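Structure first, then comments.
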Amino acid sequence: MARNKTTKERGKYKEYITKALFQDENIRTLLLGDISKLSANDMRVYFKDHVKSHLFIEDTIEQTGSFIFYDVRMPSLGAQIKSCYIIMYAICHRDILDDFSDPEYPGNRADALSQMIENCLLNDSELANKFGIGELRLDSVDIYNSNHFYGCVMEFEVPNFR
């Protein structure tokens, strides 16, 4: 019997995540601003400038804005069960960090972005079912701090069985 290809599955997870993030109107609006005048194609192009499926951040961002960087890691690959984690960086340029206000999302712009990501990934049962057996869960939240960007690092655990 052939084994599932873990590296292919990792790539599929990234596709699911990007699609889910793009479909969330709150995330699109926070990342892109007023999207009402954008064509669907322009929205996809601009969205890809703000959401990256890798964690290489330094020297990647040249503009002031909000961004999501993420990757999928699988530190344990057993015969029947594997560990899978989604690492998300929700970051904002320091010049716009405190210029967002919405009573539904308390805190600064990076706090709001992390709450939107959490809602998107944990409250979409269709998405959660694509990752494995059991519910996706937020495992930890840490601080991201660099010269120009601030935000948080979120780690989601994905219960996944072969």
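The values are calculated or read from the model by the stated rules, or taken from the named source; none is laboratory data. Bear in mind the structure is a predicted one, so any value in this text is a computation, not a measurement. Glycine also receives a Cβ, built like all others from the backbone with ideal geometry; neighbour counts cover every protein chain displayed.
With respect to Ile35, determine if the residue is in contact (Cβ under 8 Å) with a residue 24 or more places away in the chain and over 18 Å from Lys12 (Cα atoms). Reasoning before the result, please.
Working: in contact (Cβ under 8 Å) with a residue 24 or more places away in the chain: no; over 18 Å from Lys12 (Cα atoms): yes.
Criteria not met by Ile35.
When the residues of region 50-62 are narrowed to those that are surrounded by fewer than 14 Cβ atoms within 10 Å (Cβ to Cβ) and without any contact (Cβ under 8 Å) to a residue 24 or more places away in the chain, which ends up nearest to Asn147 (Cα to Cα)?
Across region 50-62, the extreme among qualifying residues is Asp59.
Of the residues in region 79-105, how many are under 21 Å from Glu62 (Cα atoms) and without any contact (Cβ under 8 Å) to a residue 60 or more places away in the chain?
Qualifying residue count for the region: 8.
Being in contact (Cβ under 8 Å) with a residue 12 or more places away in the chain, in a loop (DSSP other than H, G, I, E, B) and either at negative phi or of a type in the set (Asp, Glu) (or both) is the filter here; which residues of region 106-138 pass it?
Answer for region 106-138, where residues must be in contact (Cβ under 8 Å) with a residue 12 or more places away in the chain, in a loop (DSSP other than H, G, I, E, B) and either at negative phi or of a type in the set (Asp, Glu) (or both): Asn108, Asp124, Ile133, Glu135, Leu136.
With the requirement that a residue be over 22 Å from Pro159 (Cα atoms), part of a strand (DSSP E or B) and not basic (Lys, Arg), what does region 37-94 give you?
Answer for region 37-94, where residues must be over 22 Å from Pro159 (Cα atoms), part of a strand (DSSP E or B) and not basic (Lys, Arg): Val51, Ser66, Phe67, Ile68, Ala90, Ile91, Cys92, His93.
What residue, among those in region 99-122 that are more than 13 Å from Phe156 (Cα to Cα) and at pLDDT below 95, is surrounded by the most Cβ atoms within 10 Å (Cβ to Cβ)?
Phe100
Scan Lys82, Lys130 and give me the residue that is surrounded by 18 or more Cβ atoms within 10 Å (Cβ to Cβ), farther than 22 Å from Ile35 by Cβ and either under 14 Å from the mean Cα position of the chain (by Cα) or at pLDDT below 95 (or both).
Exactly one residue qualifies, and that residue is Lys82.
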